Structure formats: C-alpha cells, structure tokens
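To start, the structure itself, in structure tokens.
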Amino acid sequence: MGQALSILRHTKTFYDGFFYYLFGKGRNSPYLLKNEDTITSLRIKETDSKETALFKQHARIHLFSLASNFYLYKKPHYRKGSYRDDLVDNLRNVAIPGTGIPLSIFARSRVLALGFLTTAYPAISLVASLHKWFMSRFETKLGDEFGTRLLAPDDWFSYWRLNCNVVGLHALLNDMPRGYEMENKWTFLDEGDKLGVPVSPFLKTPGIVVKHRNEEGGMGIHFYKNATAGGDWIIQETISNSDWVSTLLPPNAPLSTFRVITQSRASIDLNQKPEVRQVKALSCVFRAGRQGAATDHDSILFDVDVDSGLIRGGTTNAHWYRLGLHEALPGRCPWRSHHNYKSHPDGDIAVSGNYVPGIKSMLALVEESHFKMCPDVPFAGWDVVLSADPKLPVCLLEVNLSCNFF
C-alpha cells in the first residue's frame, strides 16, 4: 500500500510541476535555488536530508527542462531553422530501449509531444520501475525507483536533452552568440587553424576525384569539392590511434577518442571580457571503439577521473539506438545498461585501472580551446584524439555544443 501511495504522490508531483512550468507561474519566473519558484511538494524543507534536497532540486530542473521544449519549439535554433527541426533531426535514430520507435515521431508536433509526455512517459517510467523491481527480486523500492525515472532521471539521454535545452535557451536569449558557429565542422577546423588550436589536419586542395577500380563508361566516379574552396566536403587523411590507445583496443577498432565536457562561466554575462580561468573541464570519457566499427559511436564508454587520469568502470548507450518494432520482442534489446565494464569485451582487454598519460595537459588544451573559440557558449563537448602522428600527438576532432557526456 505504501508503494502505491508513493507512486501516486510522485505522479501528482509530475503533473503539478510540469504544468506549473509549462502554463503556470513557473513559465516566466527566473529559476531560483530556494523555494520561491516551485510547487509545494518540491520545496526544500530544513528537515530534508541532503539526498531528498538534491532529489527535489533535480526534479525541478528536469520538469522545467521538459516544459522548455514547448517554449523553444518554434523558436530559431543556432544550427537549424527551428528547435523543432533540431529535435526531429537528432531524435530520428534514438528510441527508448525496448520500444524500437524513433523519438523523432513524437517531436513532429506539439500535440504529439504533449500527449507523449503526459501519457506514455509516466507509463514507461512505471514499467521500467516494475522491471527493475522484478529483476532485483523485489529488493528495490518501487516507489523510489518510479520517482527517479519520472522526476529525476539519471540516464544519459535525459542529461543530453537537458544540455540541449540549456544551450538552446542560452543561444536564443543571447541573440545567437558567435561561438555557436563552432558547431559547424568546417567553421571549427578553419577557425581553430587560424587561432593555433591543434585541430585535426585537413587538405587544402580544391577537390578530389574518387574512382572505382573496376568501373567504366562514366560510372563509379565521384567528384568532391573541398570546403576550403566553398564546397560541402571536408577532405582529410585518416588518423590512427596512438600506440598507447591501441593497447586498450581490439584489432580493427576505429579511431577512439576522449569526450571532454568543458564549462564556460564567461557565458553567463556576455558583457564582461572572458578570462581563461572561467573555463573548466568537468568530465572525461574514453570511447573505446568496438572491433570492426567504422567510428567510436559504437563503443564501450569508460569514465576517466579528471584529477588523476585513472580509467574507471565502463558502460554503453547502444541500447538507445536500437530501432525497429522487432526490438520490442522479449530478449531483443536490453532495457538498461550496467556500469561495471572493466575490460573491452572484444578480446577481454583490461581497460579500467590504466591511467591516461598527460591528462592534465589534455584538459588544459580543451579549456584553452573553449576560451579561444567559444567562451560565450556554456558547455562544449570536445572529441580529443591521442594520435600516432608524432608531429600532432594530440588534436581536436570536433566540438559538440548540444553535447552529451559520451
């Protein structure tokens, strides 16, 4: 009975809070750390434990973020015509694990999105909570797990979308600061090259022609005009992993990068001159690519301690990219990921326990690059390469501003 009441209480908090930020007073009031701008059930009390207070703060942020999607929906976006366009584009290959349905379907209209959030989302949270309850042999608290899934989710997708909403709001309300132009891969390389940032090398030839070795009659031939000459293609030589990185990977693994998230407090007040001390690296993840994969988007994701460079446990988010209704069949798609990978599964190669060489210089590089290239952007996700090229042992592949931690 107590668990059922807890589920009902969390459900009421969800609807009260979501509509408070969507239509109520919370839509126009500034976010405050205290209790002036939230519903009664999320106000922090002096008697609350630290854990409860953090849960309430997380829930307020999450509910505000969900509601902000509807405010941003038709507004201009820094890399697309509108926030809606960006949602549809970026969610087309993402599905809630075990459903196989691209989330872009529900982003195509406000009505569909509202219907999904007010009906399917609570139902999915309940099913996920029941699943964990059963899998734990009834040891977890059903009500607490439901509250986490619905109000304060800790999965990578929710954190990614939160970051997307932060930069979406920041770019819009600050009239699209120039730093957001770095999301364009060519602008990033061109500007970085001019500023002396060690970006991945690119060829400056006006274009290339690629021919199939065994076609004729005008077939099997392709021309690519280089971005340096006003074309759409960035032409680069391939980059190889460093010898050290290669020891952590199976044969035929892709280029495997480090995703470093940096924060710029200089983005808070754009009228002030930015300083490099206002930029700080928050996290680092080693993306250990899978054997035979083309890129490290298919990888095991190992947490890296930013103070020591120690590689800790790994996880994966591949189950969020499983599309097709067949993924809803029992046993097809895992619903959750675990965080206890110690070795690379393609060869049982020990990864956890190793130390990233030169972690401090790597973090200093991305902090300086954020300061030079986009100090007016609050968060940036840098893809850092430790390469086999002795002339460029560390370089930046690209920067992602609507970034996730992986």
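Brief remarks follow.
- Accessible carbon and sulfur surface of the stretch 1-63 relative to its total accessible area, %, 1.4 Å: 61
- Alpha-carbon centroid distance for the pair the stretch 326-376 / the stretch 110-164, whole angstrom: 24
- For the stretch 16-77, the square roots of the Cα gyration tensor eigenvalues, ordered a ≥ b ≥ c, give a/c of at least 1.5 with a/b greater than b/c, which places it in the prolate category.
- Equivalent ellipsoid, the stretch 1-160 (semi-axes from 5 times Cα gyration tensor eigenvalues, Å): 27, 22, 13
- Relative compactness, the stretch 259-406, computed as alpha-carbon Rg over 2.2 N^0.38 Å: 1.18
- Solvent-accessible surface (1.4 angstrom probe) belonging to Thr119, in square angstrom, nearest 10: 90
- Residue-normalised accessible area of the chain, given per residue in Å² at a 1.4 Å probe: 52
- Here Leu54 sits with roughly 100 square angstrom of accessible surface, probe radius 1.4 Å.
- Cα gyration tensor category, rounded, prolate or oblate, for the stretch 137-216 with a/c compared to 1.5: oblate
- Considering helices alone, the calculated mean residue ellipticity of the chain at 222 nm is -10000 deg cm²/dmol, with DSSP H runs of length four and up weighted by -39500 (n - 2.57) and normalised per residue.
- Counting only alpha carbon atoms, the long axis of helix 185-195 and the longest principal axis of the chain meet at about 70°.
- Cα centroid of the stretch 191-234 to Cα centroid of the stretch 377-406, whole Å: 21
- Overall shape: oblate for the stretch 203-346, with the ratio a/c of the largest to smallest alpha carbon gyration tensor axis at 1.5 or above and b/c at least equal to a/b.
- Cα-based reach from Lys280 at 19 Å (exclusive), listing aspartates and glutamates while leaving out same-chain residues under 8 positions away: Asp269, Asp303, Asp305, Asp307, Glu367, Glu368, Asp376, Asp383, Glu398
- Violating pairs (Cα-Cα greater than 25 angstrom) within the set Lys56/Lys141; Lys56/Lys273; Lys12/Lys50: Lys56/Lys273
- Solvent exposure, largest accessible area first (probe 1.4 Å, DNA, RNA and ligands not counted), of Phe157, Phe405: Phe405, Phe157
- Using alpha-carbon coordinates, inclination of helix 359-373 to the longest axis of the chain, degrees: 90
- Burial ranking of peptide ranges 288-301, 261-274 (average Cβ count within 10 Å, highest at the top): 288-301, 261-274
- Solvent-accessible ranking of Arg259, Arg27, largest area first, probe 1.4 Å: Arg27, Arg259
- A convex hull fitted around the alpha carbon atoms of the chain yields 191 Å³ per residue.
- Taking the C-alpha atoms only, the angle from helix 156-173 to the longest principal axis of the chain is near 80 degrees.
- Each of Trp233, Trp156, Trp186 has its accessible area taken with a 1.4 Å probe; listed largest first, they run Trp233, Trp186, Trp156.
- All distinct Cα pairs of the stretch 319-406 go into the 1/r average, and the inverse of that average, the Kirkwood radius, is 16.7 Å.
- Whole-Hz ³J(HN,Hα) from phi, Karplus 6.51 cos²θ - 1.76 cosθ + 1.60, for the stretch 232-249, glycine and proline x: 9, 10, 8, 9, 9, 6, 6, 10, 9, 5, 5, 4, 5, 4, 4, 5, 9, 10
- Ranked by how many other beta carbons lie within 10 Å on average, peptides 276-287, 194-205 from highest: 276-287, 194-205
- Long pairs among Lys75/Lys204; Lys132/Lys342; Lys45/Lys360, criterion Cα-Cα beyond 30 Å: Lys75/Lys204; Lys45/Lys360
- Surface calculation, 1.4 Å probe, protein heavy atoms: Glu367 sits at approximately 50 Å² accessible.
The values are calculated or read from the model by the stated rules, or taken from the named source; none is laboratory data. The structure presented is a predicted model; accordingly, all values stated were derived computationally and were not measured. Reconstructed Cβ throughout: ideal geometry from the backbone, glycine too, with neighbour counts over all protein chains shown. Note: areas computed on protein heavy atoms with side chains; ligands, DNA, RNA excluded. Shrake-Rupley method; radii C 1.70, N 1.55, O 1.52, S 1.80 Å.
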